[in-house]
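Bear in mind these aren't lab numbers, they're just calculated from the coordinates by the rules spelled out. Just so you know, these numbers come straight off a predicted model, no measurement behind them. When we count neighbours, we look across all protein chains shown, and the Cβ atoms used for this are built from the backbone with ideal geometry, even at glycine.
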Amino acid sequence: MKDTSKPGLVKTLIFLALAVCAYLTVFMNIEQLNQYFLSKAFVPALCLLGTVIGIAFLYGTAVSYLLGLLGLESSH
């Protein structure tokens, strides 16, 4: 029986590249993002929440796939 829980190398590299790009985009544009996110309105608050959730998803998925490739799977 084939083990389908192990992620592919290409998928892992794609998520790692997306996570790195997201971090670089945020840190290279931090001044403009701070001006926008710290304004007192509802839309910037939602954008900030979306940014945090998006980066957390990319980073978590990339690390999960990387650990899966290394054979470190969670039993639960």
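Some points to look at:
- Label-reachable residues, segment 27-58, where backbone N falls under 17 Å from a point 7 Å from residue 21's Cα toward its Cβ: 27-29, 51, 54-58
- C-alpha long axis of helix 42-69 to longest principal axis of the chain, angle in °: 20 degrees
- Working value for the chain: equivalent-ellipsoid semi-axes of 33, 13, 8 Å, each the square root of 5 times a Cα gyration tensor eigenvalue, largest first.
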